[in-house]
Amino acid sequence: MQRLLLLAIVCLGLSPLSAATSRPNILFIFSDDHALQAIGAYGSRINQTPNIDRLAHEGALFANSFCANSICGPSRACILTGKHSHRNGFLRNGNRFDGAQPTFPKQLRHAGYQTVMLGKWHLETNPTGFDYWEVLPDQGNYYNPDFIQMDGSRKRYDGYCTDLITEKALHWLQAERDPDKPFLLMCQHKAPHRNWAPAPRHFGLFHDLPVPEPDTLFDDYAGRSALLKENEMSIDRHFYWAHDMKFHGDNLFPDFFLSGIPNAEYRRMNEAQRRDWDAHYEPLNQRFIDQMRAGQLSRADVVRWKYQRYLQDYLGCIAAVDDGVGQLLDYLDTSGLATNTVVIYSSDQGFYLGEHGWYDKRWMFEESLKMPFLIRWPGVIAPGKRSHALIQNIDYAPTFLEMAGVEIPRDIQGRSLVPLLRRPDQPPADWRDAIYYAYYENAAVHNVPIHDGVRTDRYKLLFFPRTGEWQLFDLVTDPQELRSRHADPAYAGILNGLQKRYRDLRQFYEVNPAVIPATRGDETWWRERYQAVDERARNDADLLFIGDSITQGWESTGQQVWNNYYHRRNALNLGFSGDRTEHVIWRLTQGNLANGKAKVAVVMIGTNNTGHRMQDPRETAAGIQRILNLLQERSPNTKILLLGIFPRAEQPFDEARLNNVAINQVIRRFADEQRVFFRDLSDVFLNPDGTLPKTVMPDSLHLSPEGYQRWAEAIEPTLKELGI
Ligand code: CA
């Protein structure tokens with residue numbers, strides 16, 4: 001068998017992987033928010049990273065490397081599992097990673113690797129799958145950081161976080177490693193994450209020359225969705241006086257800086273560190289304050305000043321990361337480990353270094369969508385290679401598994417990069433033509449809306465569910481993404497093709513938005529209603545109505561009928577105009593459940609999943625099923641009266657009407673007539689010929705007072721049977 005394999009390798013002309021590099025060690029050096037624009041090998045105009053660049057000179061650089069969800073925790077979860085966020089369950093920061101699910105460190109450990117994780121973890125639950133770990137709590141600190149120990153205790157170390165993590169990695173390699181086993185060492189820095197506190201040795205590193213500004217520092221967001229203007233991550237408006245900009249004392253210029261977040265790093269410093277810090281920042285701060293008081297700086301000047309402060313600190317943090325990479329590479333050389341150790345440098349996502357006037361990440365625009373990916377694998381990757389293949393962080397897990405000779409589980413969504421590593425300049429013919437991206441953390445810090453999309457080698461398509469908008473960018477003619485072409489007739493065919501690719505990729509990755517919990521908390525009225533309803537839900541309601549605008553309408557058009565039927569029955573209206581199944585799932589997950597003591601819940605939801613987006617009926621039905629399951633989990637004694645989605649549109653063969661009919665066909669099967677009861681009220685509203693009378697639904701979607709009367713009468717016998 002082995003001879004056959006060897007013969008096959010020789011015949012195919014491949015490098016004899018199994019001989020020279022069997023079970024290589026894997027050193028995964030990972031940082032946080034390190035943008036490609038700040039890496040020498042990627043063509044940085046603003047700094048140098050000689051040690052990180054070594055990996056590009058001695059291995060391969062991937063120019064089209066992307067994350068699947070541009071934010072810290074989710075990116076890490078994608079890497080560990082090889083799956084998109086909706087499959088690994090970590091959609092947004094603040095979620096808790098389910099450490100019981102399969103991850104590549106677990107699989108490597110099972111295969112005999114020694115596995116170690118040091119530094120920033122940020123997944124809320126403790127690491128699983130490691131022989132040894134020591135991680136920062138949450139974001140961690142730059143100065144004198146605490147580390148969570150394997151027994152759950154915390155230990156504080158004097159020093160600078162990046163240096164400490166490098167030292168821990170070196171110590172493990174030198175003193176703790178089992179030389180008889182291959183290893184996986186994940187060395188994960190906090191740097192250069194906000195709030196960008198450099199080591200004292202790097203203060204002033206970028207002071208001699210101003211850091212060059214990006215072309216779009218003063219972007220006006222014209223030609224793109226108005227949602228871009230709602231950002232809360234602009235250099236102009238969203239830097240904090242102390243936290244980001246390193247001033248002491250009261251905010252002297254509240255028109256230019258935000259107040260309220262202190263500089264936690266300064267508070268942690270010892271006397272010597274504070275002395276160094278103040279010696280560096282205070283004269284610069286005082287000069288700025290003097291210039292402001294003298295009225296010498298325009299608003300644009302202040303933006304430029306903030307940009308310099310931000311970038312000098314950010315790049316200073318990267319300098320320590322680069323030092324650490326150098327120390328680790330040197331150790332691999334001197335110890336002889338280098339020849340059989342794969343070294344990767346990557347970061348959880350990219351970052352805006354002033355492009356579009358921004359800091360931070362999240363958006364699917366190039367600067368934060370891209371991840372650095374540099375890899376050295378002696379004997380396999382020829383030095384100095386550059387690949388333009390589209391790769392993604394979900395590919396790392398299967399890559400590491402293949403390197404270690406471990407079978408790749410079939411449910412992993414990424415693809416092993418090993419064939420690309422063998423021939424970086426010539427991807428396999430069937431390599432992917434597009435990546436899928438999805439961001440879920442709306443109604444949170446920085447106010448970036450939910451969006452998803454696809455990127456090919458030339459085009460990018462984004463979709464914003466809140467506004468139903470598409471955005472289309474041509475990266476060849478518009479590399480800075482300043483003008484969406486979605487409405488440009490010249491791009492109609494391209495838009496069409498990309499939309500098909502988008503639908504197909506969502507199907508391929510099994511993305512069903514109807515089941516992915518989504519808040520609309522970025523819409524003020526929705527947030528306020530959610531809070532008000534949540535407050536009312538604290539009093540034990542007996543009867544819940546769960547749904548969208550048709551249910552919410554009990555409070556307006558249907559109020560008289562509601563008063564007659566439900567006012568004295570302790571009922572609560574959980575209808576939110578425009579909600580789809582995913583929003584109800586969010587509400588039920590987060591609250592809104594009346595302490596789980598309601599006797600009956602009337603559920604009617606899904607017509608907005610139809611709406612203009614015409615979601616596949618099976619997907620919407622899965623969303624409704626998830627709602628029923630949530631009610632069962634959270635409120636096991638509540639009986640559910642599941643109503644078929646009401647008919648819509650005047651004519652029976654309207655597509656949206658038919659979509660609702662198709663959903664109802666599936667969901668009627670969810671009824672067990674024990675806990676879940678199904679009633680289809682179509683006949684109550686429709687004429688005998690199937691047309692929908694205006695007297696019942698004037699706009700062919702929402703009910704009239706007569707419509708509410710018919711609804712109440714129709715469900716009354718069932719409610720009585722259920723004890724209401
Ligand atoms: Ca990050």
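The values are calculated or read from the model by the stated rules, or taken from the named source; none is laboratory data. Every value quoted in this text rests on a predicted model; they were computed, and no experiment measured them. Ideal geometry is used to build each Cβ from the backbone, glycine not excepted, and the neighbour counts take in all protein chains shown. To get the accessible areas, we keep the full protein, side chains included, count just its heavy atoms, and leave off ligands, DNA and RNA. Shrake-Rupley method; radii C 1.70, N 1.55, O 1.52, S 1.80 Å.
Of everything listed in (1) within 16 Å of the ligand (Cβ to nearest atom); (2) free of Cβ contacts under 8 Å to residues at least 60 places away in the same chain, the single unmet condition for residue 362 is (2). Could you say which residue among 713, 706 is loosely packed, with under 15 Cβ neighbours inside 10 Å, part of a helix (DSSP H, G or I) and in the same structural domain as residue 602 (by TED's automatic domain parsing)? Answer to the check: 713. Scanning segment 453-464 for residues that are without any contact (Cβ under 8 Å) to a residue 60 or more places away in the chain and either more than 22 Å from residue 612 (Cβ to Cβ) or not β-branched (Val, Ile, Thr) (or both) yields 458, 459, 461, 463.
Can you name every residue in segment 383-407 that is assigned to a loop (DSSP other than H, G, I, E, B), touching a Lys or Arg at 6+ places or on another chain (Cβ under 9 Å) and free of Cβ contacts under 8 Å to residues at least 60 places away in the same chain? Scanning segment 383-407 gives no hits. Restricting the search to strands (runs of 3 or more DSSP E) fully inside segment 448-518 and requiring at least 1 residues that are closer than 20 Å to residue 85 by Cα and among the hydrophobic types (A, V, I, L, M, F, W, C) gives 451-455, 459-464.
Among the residues here, residue 429 does not qualify as in a loop (DSSP other than H, G, I, E, B), of a type in the set (Gly, Ala, Ser) and under 30 Å from residue 523 (Cβ atoms).
Which residues, counting only those in segment 535-548, are touching a helix residue (DSSP H, G or I) at 6+ places or on another chain (Cβ under 8 Å) and not β-branched (Val, Ile, Thr)? Correct list: 537, 538, 539, 540, 541, 542, 543, 544, 545, 547, 548.
Here is a check on your reading of the model: is residue 70 in contact with a His (Cβ under 9 Å, 6 or more places away or on another chain), touching a residue at least 40 places away in the same chain (Cβ under 8 Å), of a type in the set (Ser, Thr, Tyr) and within 16 Å of the ligand (Cβ to nearest atom)? No. Scan segment 89-126 for residues that are of a type outside the set (Val, Ile, Thr), away from the ligand (no atom under 14 Å from the Cβ) and either touching a strand residue (DSSP E or B) at 6+ places or on another chain (Cβ under 9 Å) or open to solvent by less than 10 Å² (accessible area, probe 1.4 Å) (or both) and the total you get is 14. Residues that are within 27 Å of the chain's Cα centre (by Cα), more than 16 Å from the ligand (Cβ to nearest atom) and of a type in the set (A, V, I, L, M) do occur in segment 367-378.
Being of a type outside the set (Lys, Arg), away from the ligand (no atom under 16 Å from the Cβ), in contact with a Gly (Cβ under 9 Å, 6 or more places away or on another chain) and not assigned by TED's automatic domain parsing to the domain that holds residue 120 narrows it down to one of 223, 204, so name that one.
Working: 223 fails: in contact with a Gly (Cβ under 9 Å, 6 or more places away or on another chain).
None of the others qualify; the one that does is 204.
Within segment 521-540, identify whether any single residue is hydrophobic (A, V, I, L, M, F, W, C), farther than 23 Å from residue 638 by Cβ and open to solvent by 10 Å² or more (accessible area, probe 1.4 Å), and answer yes or no. The answer is yes; a qualifying residue exists. Residues that are open to solvent by 50 Å² or more (accessible area, probe 1.4 Å) and over 30 Å from residue 596 (Cβ atoms) are absent from segment 632-647. Restricting attention to segment 19-52 and to residues that are part of a helix (DSSP H, G or I), away from the ligand (no atom under 16 Å from the Cβ) and in contact (Cβ under 8 Å) with a residue 40 or more places away in the chain, the residue that is farthest from the chain's Cα centre (by Cα) turns out to be 20.
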